[in-house]
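Reviewing the structure listed below.
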């Protein structure tokens with residue numbers, strides 16, 4: 001395969017650029033759109049699309065002739081998540097927390113301006129909770145209006161945070177969404193001071209959550225863990241929710257961090 005001056009495969013870069021063009025906002029794309037997005041001519045793009053389709057990384061709709069991601073991409077994504085050490089370490093602790101509290105418990109990492117769910121546990125007592133936003137491992141949500149996203153943004157270095165916020169569309173998602181950059185920055189500052197983020201109907205009506213960081217052996221924040229509560233299940237004040245759930249959540253995150261090599265004496 002041709003290589004560029006950096007010793008990297010140009011063909012592989014182009015193929016990955018095509019796959020990366022798809023997302024939640026653009027799940028279906030045509031050949032012309034893809035050619036424009038990746039900066040290739042139509043004939044070259046068609047060759048890449050044919051190869052990726054034959055390998056199962058893309059699927060083409062016979063009617064519209066447009067493309068969407070294929071099952072091989074999903075397999076790769078889940079394989080990558082499942083191979084992460086933190087998911088193996090955290091799984092029993094997260095399930096225990098969910099069973100103890102009776103609410104959904106999740107863990108996510110930051111991927112650009114979004115959070116990526118890498119673990120999600122449901123309690124056997126939670127069957128009555130019907131409103132779940134269809135979240136699962138592999139789901140993505142905007143970072144600025146989620147409790148785990150605020151945790152993960154809060155511990156970015158200032159230059160990186162500035163870039164991420166520049167790329168963020170502060171759209172209103174729930175009745176209390178913070179849509180002003182200054183308000184988000186103030187919230188992130190509070191997270192750094194307290195080590196806790198709350199989400200009070202910022203992502204969706206009726207949905208509340210609290211999140212705390214998970215650290216590695218270097219003291220870096222590598223993930224966030226949260227508990228989500230819907231008002232249809234527990235119509236309590238945010239203060240009452242914190243009184244009941246904050247300590248178990250912090251304890252679980254501390255256990256996972258300890259398993260990842262973190263010592264509280266190394267806290268930054």
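The values are calculated or read from the model by the stated rules, or taken from the named source; none is laboratory data. The structure displayed is predicted, hence computed values, not measured ones. Positions of Cβ are generated from backbone atoms using ideal geometry, with glycine treated the same way; all protein chains shown enter the neighbour counts.
Some points to look at:
- Scope segment 133-151; condition in contact with a strand residue (DSSP E or B) (Cβ under 9 Å, 6 or more places away or on another chain) and either more than 11 Å from residue 116 (Cα to Cα) or outside the structural domain of residue 204 (by TED's automatic domain parsing) (or both); matching residues: 133, 145, 146, 147, 150, 151
- Selection count where residues are out of contact with any helix residue (DSSP H, G or I) (no Cβ under 7 Å at 6 or more places or on another chain) and part of a strand (DSSP E or B), scope segment 222-261: 2
- Residue in segment 178-192 that is assigned to a loop (DSSP other than H, G, I, E, B), at pLDDT 95 or above, surrounded by 13 or more Cβ atoms within 10 Å (Cβ to Cβ) and under 18 Å from the mean Cα position of the chain (by Cα) present: no
- Annotation: of all residues in segment 22-44 being under 13 Å from residue 66 (Cα atoms) and either modelled with pLDDT under 90 or touching a helix residue (DSSP H, G or I) at 6+ places or on another chain (Cβ under 8 Å) (or both), the one that is surrounded by the most Cβ atoms within 10 Å (Cβ to Cβ) is 34.
- Across segment 94-109, the qualifying residues are those that are touching a helix residue (DSSP H, G or I) at 6+ places or on another chain (Cβ under 6 Å) and crowded, with 22+ Cβ neighbours inside 10 Å, and the one among them that is farthest from residue 250 (Cα to Cα) is 108.
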